[in-house]
Amino acid sequence: MVKIRLSRYGTKKRPFYKMVVADSRFSRDGRFIERIGYFDPIAKIKSKKIQLNLDRLNYWKNQGAQMSERTKKIIKLFNEKK
């Protein structure tokens, strides 16, 4: 099954997440199919906090990709920001 989820990058106590499309059998920070955006929870400027490629997100959702709970919340925040 294909999932849209967060992959953690950054250092200790400075998280940074890439939003990726990956096979559910791969590890969290392992191989992925496509990177569609990022989420920086520590960013001071709201415009730098979330960046998404909505075209690719919608494409993968239409192909049957499932989204994680945290990803759904982040996308909801992104839509409110606009």
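No value in this document is a laboratory result; all are computed from the given coordinates. For clarity, every value in this text was computed on a predicted model and none was experimentally measured.
Looking at the chain only, what percent of DSSP beta bridges run antiparallel? Nearest 5 please. The partial results should precede the final answer.
Values: 18 of 20 bridges.
Antiparallel bridges: around 90 percent, rounded to the nearest 5.
Please list, in chain and number order, the residues 5+ apart from residue 34 or on another chain whose amide H is under 5 Å from its amide H, with Hs placed from the backbone.
Those qualifying (amide H under 5 Å, at least 5 residues apart or on another chain) are 21.
Which aspartates and glutamates, if any, have their Cα less than 15 Å from the Cα of residue 13, not counting same-chain residues under 8 positions apart?
40
Starting from the Cα-Cα distance between residue 8 and residue 66, subtract it from 0.36 nm times their residue separation and give me the gain in nm to one decimal.
Values: separation 58, 0.36 × 58 = 20.88 nm, distance 1.85 nm.
Here the segment from residue 8 to residue 66 would lengthen by 19.0 nm.
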